[in-house]
Amino acid sequence: STCRAQGHATRKFGTRPVARAAMGLQRLAALLAAGLGGARGFDVEGNRIKGMMAAVYTPMKNGGMELDLTKVKPYAAHLASVNITHAMPAGTNGESVSLTVSERKQLAEEWAKVAPGMGVKVYIHVGAESLLDAIELARHAATLPGVSGIVCMPPVYFKPSLETLHDFLAAVSGAAPALPIWYYHIPVFTGVLQGRAHEVLQLAEKTGKLLNLVGIKFTDYDLADFTACLQVANGKYNLLFGRDDKGLSALMLGGDGVVSSTVNYSPTLREVVQLYAKGDLRGAAAAQQKNADLCDTFGPYGSDARNVQKAIMRMVGVDVGPSRLPYQDLSPAEYAALEAKLQSKGFIDTEPLATALQSDDRRRCPPSSSSPCHQKTQGPPKGAQAKRG
C-alpha cells in the first residue's frame with residue numbers, strides 16, 4: 001500500500017516487468033523449497049480477496065487531535081464510485097500506531113456501519129505493540145457485522161522471532177476465530193522477518209494453530225519471498241501485494257490482488273488491475289509505468305515525516321483532514337506545487353463523487369488548521385456533478 005514515499009527507487013516498466021525484477025535465481029530456487037501442506041478447516045478459498053483493496057486514510061480534525069468520523073461515509077462513497085470493493089482502515093496509511101485503542105474501535109464501527117451498504121467490504125487492521133490491545137481489537141472487530149476480516153501487523157519495538165510472531169498471531173486470530181486473518185508483512189517499517197514471510201506460512205501449516213489465517217498482505221519489494229509465499233501448501237494462501245509501483249509484477253507471478261494507497265485517488269493502478277484481468281499485458285504495463293511515475297512525482301514531498309498522500313486526497317475532493325504528529329502536512333506552497341504537477345500529468349482523479357460534498361475552496365487548501373480556508377462555510381458547489389471512474 002506504499003510506493004515512492006518510502007524513498008525506494010522505481011524501475012522503468014516495459015512489456016516484460018517480471019523479467020526486469022532482478023530476482024536472484026539461486027535465492028529464488030532455495031526459497032521455493034516445497035511448502036508444507038496440512039489439514040485445515042477454515043474456508044480460505046471462500047475468503048480470498050482478488051483485485052483491489054484500498055488502504056484508507058483516517059479522517060481527522062482539530063490539528064489531528066480528534067477523529068472526524070463524519071468523513072467516513074463520503075469516503076466510502078468515493079471508493080464505491082471508482083469500483084473499489086475492499087477497504088482496510090487503520091493500517092499504515094491510516095496512522096494506526098498513532099491512534100488509541102478507543103479511536104481504532106470507533107473507526108472500525110463507523111466503517112463497518114456505512115461501507116458494506118455501498119458494496120465495500122471492510123477489513124480492520126488490529127495489530128498493536130501490546131498483545132492485549134491486539135486481542136481486544138480483534139474481539140471487537142468480531143462483534144461488528146460489517147467487518148469481513150482482520151489484518152495484523154507484528155509488534156515493531158520488541159521485534160518477534162519467527163516462533164514468537166507465530167504465537168502472537170495465534171493469540172490474535174484465536175480472539176476472532178470466525179473471521180479470516182491476514183498477516184501484515186511490511187519490513188521496511190517493522191524490521192521483522194525481512195525476506196522470510198514465507199516461513200510464517202510454512203510454520204502455520206506445520207503447527208495447525210492458525211486455523212483462520214488465510215494469507216498475507218505483503219508490502220515489500222522482495223519478489224523472491226513473495227513467490228515463495230505463493231508456493232506454500234500448493235498456492236492455498238491469499239497473497240495481496242502492497243507495493244504500488246510493482247503491482248503488475250506481483251500479479252504476473254500469481255498474486256491475487258493489490259492493497260494500495262494510490263487507488264484511493266488515482267486511476268493508474270486501477271487500470272493495471274483491470275487491464276491485466278482482461279489479458280491486455282501491454283496496456284497494463286503502460287498503466288504500471290504511469291503509476292510508477294506518479295509515485296516518483298509525489299515521493300520527494302513525503303520526506304521529513306510529511307504525510308503527502310493525505311494532501312492528495314484533498315486534491316481529488318476527498319477531504320480526510322490533517323495528520324497527527326509525528327506526521328506533518330504539506331505547506332501551502334508545497335501543496336500548490338504538487339497539485340499542479342499531478343493534475344498536469346493526469347495522474348489523479350477529477351470530479352469524483354465526493355466533490356459534491358465539499359466546497360471548491362476547502363477542497364483546494366492544504367489541511368492546515370491555521371488555513372483561512374477552514375474558516376469558510378462548507379457546502380456543495382452549485383452544479384457539482386458526480387463522476388464514476
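The values are calculated or read from the model by the stated rules, or taken from the named source; none is laboratory data. None of these values were measured; they are calculated from a predicted model. Don't worry about glycine lacking a Cβ; one is built from the backbone with ideal geometry, like all the others, and counts go over all protein chains shown. The protein model used for the area step is the full one, side chains on, heavy atoms only, and it has no ligands, DNA or RNA in it. Shrake-Rupley method; radii C 1.70, N 1.55, O 1.52, S 1.80 Å.
At a glance:
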| quantity | calculated |
| --- | --- |
| Mean Cβ count within 10 Å, highest first, over the residues of peptides 202-213, 281-292 | 281-292, 202-213 |
| Average accessible area per residue (Å²) across segment 268-309 - probe 1.4 Å, nucleic acids and ligands excluded | 39 |
| Euclidean distance between Cα centres, segment 144-216 to segment 65-88, Å | 26 |
| Shape call, segment 56-143: gyration tensor on alpha carbons, a/c limit 1.5 | oblate |
| At R0 = 41 Å, FRET efficiency that the Cβ-Cβ distance of ASP43 and TYR157 yields, to 0.05 | 0.75 |
| Inter-site label distance for THR70 and SER344 at 7 Å from Cα along Cβ, in nm | 3.6 |
| Whole-percent carbon and sulfur share, accessible surface of segment 170-272, 1.4 Å | 52 |
| Exposure rank, largest accessible area first [PHE218, PHE42; 1.4 Å] | PHE42, PHE218 |
| Area accessible to solvent at LYS121, 1.4 Å probe radius, in Å² | 110 |
| Descending semi-axes in Å of segment 110-228, equivalent ellipsoid built from Cα gyration tensor | 24, 16, 14 |
| Gyration tensor verdict on segment 160-284 (Cα atoms; rounded if a/c is under 1.5, prolate if a/b is larger than b/c, oblate otherwise) | prolate |
| 13 Å cut-off, amide nitrogen to a point 7 angstrom out along GLU334 Cα→Cβ, residues in segment 45-60 | none |
| Tail beyond 19 Å, pair distance distribution of segment 144-205 (Cα, percent) | 29 |
| Cut-off under 5 Å, modelled amide H: who pairs with VAL258 long-range | GLY51, MET52, MET53, PHE241 |
| Projected area averaged over orientations for segment 247-309, convex hull of C-alpha atoms, nm² | 4.4 |
| Accessible surface, per residue, of segment 33-161 when the full set of protein chains is kept, probe 1.4 Å, Å² | 40 |
| Under the Karplus curve 6.51 cos²θ - 1.76 cosθ + 1.60, θ = phi - 60°, whole-Hz ³J(HN,Hα) for segment 305-318, x wherever Gly or Pro sits | 6, 8, 8, 5, 6, 5, 5, 5, 4, 5, 4, 9, x, 10 |
